[in-house]
Each structure stands twice: as structure tokens, then as C-alpha cells.
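What follows draws every value from the coordinates through simple rules; no lab data is involved. What you see is a predicted model, and the numbers here were worked out from it, not measured in a lab. Here the Cβ positions follow ideal geometry from the backbone for every residue, glycine too, while neighbour counts run over all protein chains shown.
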Amino acid sequence: EPSWEDRDRFVLGKGRGCPALYAALANRSFFPREELWSYRRLGAMLQGFPEVRRAPGVDAPGGSPGQGLGLANGLALALRDRAPVPSVYCLVGDGELQEGVFWESAMTSARFCLDNLVLIIDRDGRQNMGGEEEIMPLEPIAEKLTSFGWAVEECDGHDFASLDGAMAALRTSGGKPRCILACTVSGKGVSFLEGGASGIGELSRDFMDKALRELEKGGD
């Protein structure tokens, strides 16, 4: 319910993932599902990056790499005095961890002991320009965040049970911001997408039909 002030908040730091966010919001009846077919069209509700004033259910703007965690910090601070305290979830891609502002924000999260903040890092090792290891290696991510004062759990980002287990383990880490390092494979389950960056930003009916056929076949 977007008008409920005490609800949890979600910040999509990796703005290019907005088609998944839009699909989830449409599925929860924030807007008609038919709006999904106007994605990225001039003047449409659903643009290539989420916009607060344009799309119902969007809690924060997205697009600039590395900015998402800072926005989530502000929301977590603003909501901390409420009872019960709403949680703020922030999803980022590992490419955003190459931005200095991300690490400044990570220090801020720990400085203010934002234990109502959950950061989820989509650790697929890919970004628009290629493999992360060739562009700017990031490891050891968990150790870096832990040294800043974060509680960190790693999991299989494609396994709901693994994600739930990581979330449960982090619930005991009072007084610290929490991070789930979700190891994933880009485009998993779709042969012409898996492990690569092709198809980013595309949402044609033909493209979707091909992907869905493979996903449905794999789930049989």
C-alpha cells in the first residue's frame, strides 16, 4: 500500500533492473499490467529508470550508479523513530561498488547503526562493459563491509531458501546495517542471455516470448 506511512521501503540502486520492479508492482495492482507494454516509450509511466513522481509504488529514483545506498540511508534514518520501525531494502549491482560514493554511504550506514537497512548485492560479476574482474576487481567485498561495521551473509541469489536463510541469520545482528551478498548468474535460465550482458534494456514481445519459453521449459 503506497500511501501507508509505516510500510517497508525499497530502493532499486541498479536502475536497469526496473523492468522486474515494474512487473512486481503491476502484479500487486499498483497500476494496470497493460502499462508494462509502454515501457520506455516517450511520455509513458514506466521509463528506463524508476521515477518517484511517475510510477506508483516507486520509493526512490534510480539510475546514477552508486547513489542507491545513500538514498536508502536517508530513508532508514527518517523512519528509525517510528514504532514499529519500517525496514528499508536496497538492491544494488556489483558494478555500483566501483563508485566511491557507495563506500562513503556504506561508512555512513555503519556510523548511524542503521539496523533497519538491508543491502542486497546482486553479485553476478557482470556490467554493461563486460566482466567486473577485467574492469575493476572488487573482492574481498564481504571483508570490506565487515570492517566498516556491517553484518554480512552470502547466499545463492537464485535459491529462495538460501536467501531466506541469509535473511534469518541477519536478524540477530542488532545495531548493524545488514548486507546479503547474493551470488547470481546474469540471465540465468535463458540460453541467449546467460552469463552475458546482451539484452539489457530490451523488452519486446518477441524477446519476452523466447525467454519465457526457455524458462517454462526449464521449470518442467
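Please order L117, L77, L215 by the number of other Cβ within 10 Å, starting at the fewest.
Values: L117 28, L77 16, L215 12.
By the 10 Å Cβ count, ascending, the order reads L215, L77, L117.
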Region 1-127: mean projected area of Cα convex hull, nm²: 8.0
Sequence-distant lysines (8 or more away, or on other chains) whose Cα lies within less than 25 Å of K217: K188
For region 172-189 versus region 9-36, the gap between their alpha-carbon centres in whole angstrom: 20
Alpha-carbon centroids, region 39-61 and region 71-146: separation in whole Å: 22
Whole-angstrom Cα spans of the chain along principal axes, big to small: 48, 42, 34
Where only C-alpha atoms are counted, convex hull volume of region 99-175 per residue in Å³: 100
Relative contact order (%) - criterion: Cα under 8 Å, at least six apart; region: region 9-184: 20
For the chain, built as a Gaussian network whose Cα springs stay under 10 Å, the top-fluctuating residue of E99, E132, E34: E34
DSSP-defined antiparallel bridges as percent of all bridges, region 9-184, nearest 5: 10
Residue order, fewest to most surrounding Cβ atoms within 10 angstrom, among C18, C113, C90: C113, C18, C90
